[in-house]
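Beneath this line is the structure, given in structure tokens, with notes to follow.
The values are calculated or read from the model by the stated rules, or taken from the named source; none is laboratory data. Remember, predicted model here, so these are calculated numbers, not experimental data. When we count neighbours, we look across all protein chains shown, and the Cβ atoms used for this are built from the backbone with ideal geometry, even at glycine. Protein only, heavy atoms only, side chains kept; ligands, DNA and RNA dropped before computing areas. Shrake-Rupley method; radii C 1.70, N 1.55, O 1.52, S 1.80 Å.
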There are 4 protein chains.
Amino acid sequence: MSLITFEESRPMDFIGLGRLCIDLNANEIHRPMEETRTFTKYVGGSPANITIAVARLGKASGFIGRVSDDQHGRFITKYLEDRGIDTSNVITDKSGTVTGLAFTEIKSPTDCSILMYRDNVADLKLEPADIREEYIKNAKAIMISGTALAASPSREAVFKAVELARKHRVVVFFDIDYRPYSWSSREETGIYCALVAEKSDVILGGREEFDLLEAPYGPLQKDDQATADRWFAHHAKIVLVKHGGDGSVAFTKDGQSFTGTTFPANVVKTFGAGDSFAGAFIYGLMNGWDISRSQQFGAASASIVVSSHSCSDAMPTAEEIQAVIDKHTSR
Amino acid sequence: MSLITFEESRPMDFIGLGRLCIDLNANEIHRPMEETRTFTKYVGGSPANITIAVARLGKASGFIGRVSDDQHGRFITKYLEDRGIDTSNVITDKSGTVTGLAFTEIKSPTDCSILMYRDNVADLKLEPADIREEYIKNAKAIMISGTALAASPSREAVFKAVELARKHRVVVFFDIDYRPYSWSSREETGIYCALVAEKSDVILGGREEFDLLEAPYGPLQKDDQATADRWFAHHAKIVLVKHGGDGSVAFTKDGQSFTGTTFPANVVKTFGAGDSFAGAFIYGLMNGWDISRSQQFGAASASIVVSSHSCSDAMPTAEEIQAVIDKHTSR
Amino acid sequence: MSLITFEESRPMDFIGLGRLCIDLNANEIHRPMEETRTFTKYVGGSPANITIAVARLGKASGFIGRVSDDQHGRFITKYLEDRGIDTSNVITDKSGTVTGLAFTEIKSPTDCSILMYRDNVADLKLEPADIREEYIKNAKAIMISGTALAASPSREAVFKAVELARKHRVVVFFDIDYRPYSWSSREETGIYCALVAEKSDVILGGREEFDLLEAPYGPLQKDDQATADRWFAHHAKIVLVKHGGDGSVAFTKDGQSFTGTTFPANVVKTFGAGDSFAGAFIYGLMNGWDISRSQQFGAASASIVVSSHSCSDAMPTAEEIQAVIDKHTSR
Amino acid sequence: MSLITFEESRPMDFIGLGRLCIDLNANEIHRPMEETRTFTKYVGGSPANITIAVARLGKASGFIGRVSDDQHGRFITKYLEDRGIDTSNVITDKSGTVTGLAFTEIKSPTDCSILMYRDNVADLKLEPADIREEYIKNAKAIMISGTALAASPSREAVFKAVELARKHRVVVFFDIDYRPYSWSSREETGIYCALVAEKSDVILGGREEFDLLEAPYGPLQKDDQATADRWFAHHAKIVLVKHGGDGSVAFTKDGQSFTGTTFPANVVKTFGAGDSFAGAFIYGLMNGWDISRSQQFGAASASIVVSSHSCSDAMPTAEEIQAVIDKHTSR
């Protein structure tokens, strides 16, 4: 029996909401970006990556967001369409915004950094009027990225989307996805993310991200079970705390917890690990798999993506993921 | 038996939070402001007025807010202290803000308007760090004004205060108090006010104000009972819908409703009617009175204030209110 | 023979450009503003006051500026019209601005201060398109207030007005009128004011104001003659350095200097001294009087205004000024 | 005899001031950028390109500007240093800015466009305090790019630099370099560029750029000679009006004009034509060459750069330019 009920009759499985960006990945790696001369362009942004992952696994997916009215915006929309993702709610922003950029620097598998361009970006211009009740109520699940809360009017659009999702029993996934760049303060981040976490069915985040949400309201406990219980007191059914290379622990409202493992990988960079995990984990839950199997599927997907130069382009199929699991698990 | 439980052991009865302003009331009335040459200065702002009203009725009161670092800010703080209101959480803002102003124009008792100065005001600089758990947990009740949600960081400070109030069973009163000036859009107003209404025990507003909160989430019903039921599904126990000169209707979670009346008055202006009503109504509830008696007390208080030139200065004592009730009710 | 040539055939004598504000003068004086409860409203702002002064002396005057679309804006426009000042180039700003305010505090004749409201003010929304070549070329002289340079688009409007004035041989008066409030930095002030000073025929300012203009370009000399010479190397004919209660020194391009005196006064407050001086001094120059007589006329006018509660309302007639001179000068 | 006198004793020949950017040039050309997947990174920005050109020709050069405190900023500084350009006045901006970007799209030699990232850029944070009198007075010439006037505080820094250059007889070159992106309005552009043009010795721009400077002050004449005369009435000695593929016309204060030609080229893209022309033209003037020879040298340099994939990297040596001239001119 499943903790979470997806409304099976809905035509759309999954909607991503929020950031649609461009990654510019250094072609010459293992050096500082100052010494890099060429870059390859990919679609990026955490909710974009997760949606691409879910669609790659065969789920009917769509996206709610805004893109810039230029070559980068058109590239993103075309890419999503080519991947079979519905873009009827991807709006071209006409206010002179640009697409967010992430230049990635890969000095070594464990020393990666990102140079972000997040000023005047189209994705944060998502506004409440862009959130259409008709679109949301046709879906089984929606994924909110915390970064979409970083500024108005996108912040208000998120609250509207979450409320409409609850109204229509659309399962709300919330990925805290903390990126300091666009926020005014850590306390602002914690306060708004907590308001969304209260209304979410499944919450994903790292230990430090959950701490952000608790910090305004008393001394930090830094206790995963206490964190999970806090959100179970609201609407959450699953709280997944990520511990980087040490895997993740999933807590469920019925009092259980599940420790996930990781798979060996030829790590090129760590970017994309979380997004590929999330996509495959959600896929498992939507298939009615138990938590452990969903976590395992997520971890295997992550092991594939961290071995690749890109994030979005590298999202694997179910067969590719299963092959990794088969290879590494004893029979 | 009371719908609402106040924690009787707390030393402070009531905390107001939000706007602390200056009213500049035209001395020469019954004419356009262009022809007015002199103005009298009063403390104003809806939560300030309500707190002054509650304090005047004898309740131990305090305030959470920011004032400008100038003569107007010092005037406000001094005025509150002179009225016996605790100002230990009224913070002097050092960032170069000013005090909000409201120049009032009284052309006739039914034709009043306000010229607002709301740019760069100190009250909207209230920030999460100003919200002290110690202060809130010592109180029985807190009053949130919707205007404090109009801009950051005051908006985040409100969410923090409400959450801490809930954590410590401090009764949350929410006065929607819609003032278009500081908001970006009506939809923004509705979305944030709804998030606070969900967490409030008692909600006060006009019909149009409640419509604002419902507009983002489906066709308007414009039905007071449906509105009340919406918030009873969250934490509300009392929803009071104000209908201007026609009085108010209070709905309670146990399914009852109470229609309030008004008292005759020599109306000078309509400003301050709502704040004086709210102050006396809250006073009644905190005394454990039933809804009807509290409404009547509120209406009698309003009849006194609308007959006066000022708002804050005119807030009556319990004896003065009772005298009005005695005069107009048959025995 | 006159240093400055006014184009006698022009129908308008004088145009003021820039700030149109409201002064709210404390009625109860000799105390801190915190203890003041009533205020009287006057038209204010340095270029407004100077223009009112010049018009009061009988010169055909007009104004280029923006007022707010509210009761304060309408009061100002009506007041100028009642004083016979042409308001055909006073534009009502429709962008939601307010009128600048100055609450005056008069603790003692020598301890006066001002509490300014300068956020989102209409006067700084003056824009280049508001500057009409036809209007300027019909005038003999124009007065620029440095405060109009404090922000865009008013700053650009000033540069356009000055350039058109030069094109049509309209005499440019420049009053540095430094008010820190609206500027980003002292260096910004100095740089823009210097660009206008270069193009001005007559420059008025205090020693510290002239220092601001020189500071970006080398060590300060604090030498009035050197200051005057600096601007004579551009277009200036007269440079008048004000030394507060010690009077003023006027330098002329032909190498002369004239030390002005002051007249005894029953000082109520020091506000308005500079504006009344400037108005009467300009009146003298426009009449073809020599520098000394113009300075004397200015000083006598100032002595009248500092003895009064208001600035704009107190601007004297030529007869009133002459009476002061007659009373205090030996025959 | 030369129209322009360079102070021969100065140790530095040439200072560029303003924009230091990154060009990201599409590697796959002759297609829309949507279909491009890889980009090559170059230093860009008009004044950077001109300075690199002048330095490549052997002149002792330096730069006044701000770069971002990140990998892109460090790349730019390093590149300039590698080219022998003094970077002691290139300041690392610590306020969280980014480097401006220009993604270039080359659909065909005649259909090129640029996608600009100009929000929150380091170069426009240049401030008056960055302008050091000591640095400027050691140079023979300075080049101002009009883009540096697009926003404060860079705008004020330019005015300070120009004034100090005039004070020390440093020859002021002004390239109007109009880029709509960062400006509020065309009238704002015209007004500020005209203020710099008034103080410049040599002004370079296209016909439409000169029109921008004249538009605020009367009906457009669209007459190159009239344009030149306008600026000769101030400080200009040479006014060069560029007519794109049709070459340029240089007007001199002594009443002459010189029509420049162009050289045949295998055009890859048109970007960089103006900057390479300007660099070589300035080099000619600084060598004391006559106008015609300087123009010819500029045109030959441009023919080399438009045949290349990059701008900054392609700037030629004097020998390379001379070879083009020799090849195409009869003997």
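Just a few scattered comments:
- Rounded to whole numbers, the Karplus 3J(HN,Hα) couplings from phi for the range C:43-51 are 6, x, x, 3, x, 5, 4, 5, 5 Hz, using 6.51 cos²θ - 1.76 cosθ + 1.60 with θ = phi - 60°, and x at Gly and Pro.
- Residues whose amide H falls under 5 Å from that of D:LEU17, counting only those 5 or more places apart or on a different chain, are D:ILE64, D:MET143, D:SER145, with hydrogens built in the peptide plane.
- Modelled FRET efficiency - R0 25 Å, C:LYS78 with C:GLU134, Cβ distances, 0.05 increments: 0.55
- Solvent-accessible area per residue, Å², over chain D with all protein chains present [probe radius 1.4 Å]: 34
- For the range B:249-263, putting each phi into the Karplus relation 6.51 cos²θ - 1.76 cosθ + 1.60 with θ = phi - 60° gives couplings of 10, 9, 9, 10, 4, 7, x, 8, 9, 9, 8, x, 10, 10, 10 Hz, in residue order, rounded to whole numbers and with x for Gly and Pro.
- Kirkwood hydrodynamic radius of the range C:94-203, Cα pairs, Å: 15.1
- Computed from backbone phi, the HN-Hα couplings of the range A:160-173 come to 5, 4, 5, 5, 5, 4, 4, 4, 10, 6, 7, 5, 9, 8 Hz, rounded to whole numbers (Karplus: 6.51 cos²θ - 1.76 cosθ + 1.60, θ = phi - 60°; Gly and Pro given as x).
- Taking the accessible area of the range C:269-319, probe 1.4 Å, and keeping the other protein chains in place, the carbon and sulfur fraction comes to 51%.
- One Cα centroid belongs to the range A:167-209, the other to the range A:281-331; the line between them spans 24 Å.
- Scanning residues 5 or more positions from D:LYS269 or on other chains, those with amide H under 5 Å from its amide H are D:SER308, with H placed 1.01 Å from N in the peptide plane.
- Gyration tensor verdict on the protein assembly as shown (Cα atoms; rounded if a/c is under 1.5, prolate if a/b is larger than b/c, oblate otherwise): oblate
- Estimated FRET transfer efficiency when R0 is 30 angstrom, pair C:SER9-C:ARG207 (beta carbons, to 0.05): 0.20
- Listed by chain and number, the lysines whose C-alpha is less than 21 Å from the C-alpha of A:LYS41, apart from same-chain residues fewer than 8 away, are A:LYS78, A:LYS107, A:LYS269, D:LYS41, D:LYS107.
- DSSP beta bridge pairing in the range D:1-154, given as percent antiparallel to the nearest 5: 40
- Annotation: Cα Rg of the range C:3-63 relative to the compact-globule expectation 2.2 N^0.38 Å equals 1.60.
- Interface area, chains C and B: about 2600 Å² of buried accessible surface, summed, with a 1.4 Å probe and ligands, DNA and RNA left out.
- Normalised by residue number, the volume inside the convex hull of the Cα atoms of the range D:84-124 is 106 Å³ per residue.
- Built amide H within the under 5 Å cut-off of B:ASP86, gap 5+: B:SER61, B:GLY62, B:PHE63
- Per-residue mean of foreign Cβ neighbours for D:17-29 is 1 (Cβ atoms of other chains, 10 Å radius).
- With viscosity 1.306 mPa s and temperature 10 °C, the Kirkwood radius over alpha carbon pairs of chain A converts through Stokes-Einstein to a diffusion coefficient of 81 µm²/s.
- Scattering from the range A:234-288 was approximated by placing one identical point on each alpha carbon and applying the Debye formula without solvent; log10 I(q)/I(0) at 0.17, 0.31 1/Å stands at -0.62, -1.41.
- Sites excluded, GluC sites (Glu not before Pro) in DSSP loops with at most 12 other C-beta within 10 Å, longest stretch of chain C: C:29-331
- Rounded if a/c under 1.5, otherwise prolate or oblate - the range A:273-331, Cα gyration tensor axes: oblate
- Qualifying chymotrypsin sites (Phe, Trp or Tyr not before Pro) in the range D:247-331, where qualification requires a DSSP coil assignment and no more than 14 other C-beta atoms within 10 Å, are lacking entirely.
- Gap separating the Cα centres of the range D:45-100 and the range A:245-268, nearest whole Å: 47
- Take each residue in C:239-250, count the other chain C-beta atoms within 10 Å of its C-beta, and the mean is 0.
- Shape category assigned to the range C:134-264 from the gyration tensor of Cα positions, a/c cut at 1.5: oblate
- Spacing of the two label points (7 Å from each Cα toward its C-beta) at B:SER2 and C:GLU320, in nm: 6.4
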